[in-house]
Amino acid sequence: MGPTREEMLRCLEKRHTKAVQDKLSAAEVAVCGLGGLGSAVAMALARTGIGGLHLIDFDRVDLSNLNRQQYSLGQIGKPKPRALKEEIERFAPYCRIRTDFIRMTEENTPQLLAEEKYVCEAFDDPEEKAMLADCILTTLPEKYLVGASGMAGFGDSNRIVTRRITERYYLCGDGISEISDESGLMAPRVMICAAHQANMIVRLIVGEEKQL
């Protein structure tokens with residue numbers, strides 16, 4: 001038998017303090033897009049003891065994903081939401097996880113994100129990024145959105161930063177590096193950006209955002 005929920009919670013409280021962990025345990029976060037960014041964000045949040053995750057993606061695990069995404073060879077062909085849920089449950093069995101194997105659109109986004117206060121945008125496609133940002137800013141203004149722009153290649157790690165765009169919208173990345181034949185997506189820089197996103201979400205949950 002593995003550890004009980006109470007045993008795991010006590011360990012997290014020792015690391016984070018009970019006051020902080022209470023806030024994390026009560027939080028629900030939607031992760032939209034489960035590629036290199038989203039899969040790493042979800043893993044980081046689950047390890048902090050986030051109470052619930054909503055994993056959303058329309059894609060399946062492919063061999064070409066494994067250079068930067070949090071999946072294994074045995075999961076090739078599986079829907080990404082289900083595969084990532086399996087990975088998270090290996091170390092965070094009590095995290096409440098909902099999955100949606102679906103492409104997000106302007107029409108279905110409000111319903112998909114109805115329950116979560118915190119939203120991570122982790123799409124590859126610029127049009128999908130813009131759609132989600134526009135939808136949340138115009139129709140779901142009570143949500144917090146943490147997005148990403150610019151993490152391709154192997155440039156200076158310190159150029160990846162977190163910026164406040166509006167009171168409830170934050171953007172992580174260098175804002176300029178794009179995918180090209182000479183500059184693809186590589187695990188280190190993608191994971192740095194994902195860590196910025198996960199950390200910003202944690203800061204929002206525990207009430208540290210005004211210190212940015």
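The values are calculated or read from the model by the stated rules, or taken from the named source; none is laboratory data. Since the structure is predicted, the reported quantities are computational estimates derived from the model, not experimental observations. All Cβ positions, even for glycine, are placed from backbone atoms using ideal geometry, and neighbour counts span all protein chains on display. Side chains are part of the model used for accessible areas, which takes the heavy atoms of the whole protein and leaves out ligands, DNA and RNA. Shrake-Rupley method; radii C 1.70, N 1.55, O 1.52, S 1.80 Å.
Take the conditions surrounded by 13 or more Cβ atoms within 10 Å (Cβ to Cβ), basic (Lys, Arg) and under 30 Å from residue 7 (Cα atoms) and apply them to residue 98. Does it pass? Break it down stepwise before answering.
Values: surrounded by 13 or more Cβ atoms within 10 Å (Cβ to Cβ): yes; basic (Lys, Arg): yes; under 30 Å from residue 7 (Cα atoms): yes.
Taking the combined requirement at face value, the residue satisfies it.
Does residue 37 meet the test of being aliphatic (A, V, I, L, M), out of contact with any Asp or Glu (no Cβ under 7 Å at 6 or more places or on another chain), open to solvent by 40 Å² or more (accessible area, probe 1.4 Å) and closer than 23 Å to residue 122 by Cα? It is false that residue 37 is aliphatic (A, V, I, L, M), out of contact with any Asp or Glu (no Cβ under 7 Å at 6 or more places or on another chain), open to solvent by 40 Å² or more (accessible area, probe 1.4 Å) and closer than 23 Å to residue 122 by Cα. If you filter the range 1-23 down to residues that are part of a loop (DSSP other than H, G, I, E, B) and farther than 15 Å from residue 95 by Cα, you find that the one that is least open to solvent (accessible area, probe 1.4 Å) is 17. Whenever a residue of the range 194-212 is modelled with pLDDT under 95, its partners that are part of a helix (DSSP H, G or I), lying with C-beta atoms within less than 9 angstrom and at least six residues away or across chains, give the pairs 207/23; 208/202; 209/200; 209/203; 211/203; 212/200; 212/203. All of 158, 108 fail the test of being out of contact with any Lys or Arg (no Cβ under 9 Å at 6 or more places or on another chain) and modelled with pLDDT under 95, apart from 158. Within the range 27-71, the set of residues being assigned to a strand (DSSP E or B) and more than 20 Å from residue 143 (Cβ to Cβ) comprises just one member, 60. Out of everything in the range 127-181 that is free of Cβ contacts under 8 Å to residues at least 24 places away in the same chain and assigned to a loop (DSSP other than H, G, I, E, B), what residue ends up being most open to solvent (accessible area, probe 1.4 Å)? By that ranking, first place goes to 181. When you scan the range 67-80, do you find a residue that is at pLDDT below 95, open to solvent by 10 Å² or more (accessible area, probe 1.4 Å) and over 17 Å from the mean Cα position of the chain (by Cα), even just one? Scanning the range 67-80, I find at least one residue that is at pLDDT below 95, open to solvent by 10 Å² or more (accessible area, probe 1.4 Å) and over 17 Å from the mean Cα position of the chain (by Cα), so the answer is yes.
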